[in-house]
Amino acid sequence: MQNNNSRFGGGALVRRIVMASALVGAALLTGCASTYVDTATKLVPASEMKKVADPKPVQLVFEFQTKGAPNPRATMLLKDTVAKEVVDAGLFSKVATDPTPNVSMLNVTLNNVPLTDNPGAKGFVTGLTFGLAGSAVTDGYICTVSYLPAGQATPIVKTARHAIHTTMGNANPPAGVQKAASMLDAVQQMTRDVVSNALKDLSYDTAFN
């Protein structure tokens, strides 16, 4: 997967980085921050998706949420990243983002759930790093993919989870993570990873394929 940052001008990129900071609670803290993407959830290449014998067109609807509430700015930031991941997965003959009649619907929701201050967050997902010592913040992300075939009433729903960790000052980085060059890079990598995992699960569901 390629990063699309180069097609934005300098000013636009700065604005995108500011918006990306809103996706990770840790970015609101002061001081020198280092951002890490959890490696328990990894990018799934198209070659690992189950091949669809007769792919159909689909209309894609994406929404980013913060604690379950719509976040329009974050949705705008990541919509192209999500759309590219859906296209690259190769599960559909065509992916439209504008209203398209008489086609199947693919709703992708990415919900940011801050974990560090949540006592119940240790059960967020097995394998993801949690309980970091020192000045560190963990943000969880739940991706829900809902596919509704044209003419049907019951969607096929798949979920995947991910996390971004941010350390402040001289805090040691957690184990099992990959350092990101920037907050924006971390958010985009997390998005590609978690969406691809949900799409892989969808591809292997016999109700879909």
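Under 26 Å between alpha carbons, and skipping anything fewer than 8 positions from K79 in its own chain: which lysines qualify?
Here the lysines satisfying the reach criterion relative to K79 are K42, K50, K51, K56, K67, K94, K158, K179, K200.
Once each part is reduced to its C-alpha centroid, what is the distance from the stretch 51-95 to the stretch 193-209 in angstrom?
Spelled out, the Cα-based centre of one part sits 13 Å from the other.
Can you put F208, F64 in order of Cβ neighbours within 10 angstrom, beginning with the fewest?
Lowest to highest Cβ neighbour count: F208, F64.
Amide H to amide H, which residues 5 or more places from L115 or on other chains are under 5 Å from it, using H placed in the peptide plane?
Result for L115 returns T138, D139, G140.
What is the order of E48, E63, E85, fewest Cβ neighbours within 10 Å to most?
Result, fewest neighbours first: E48, E63, E85.
Under a plain spin-label model, where a point goes 7 Å from the Cα along Cα-to-Cβ, how far apart in nm are K42 and D98?
It works out to 4.0 nm between the two label points.
Per-residue counts of other Cβ atoms within 10 Å, averaged by peptide: what ranking do you get for 34-42, 95-103, highest first?
34-42, 95-103
We did not get these values from a lab; they are worked out from the coordinates using the rules stated. All figures in this text were calculated on a predicted structure; none of them were measured in a lab. Note: ideal-geometry Cβ built from the backbone for every residue, glycine included; neighbour counts use all protein chains shown.
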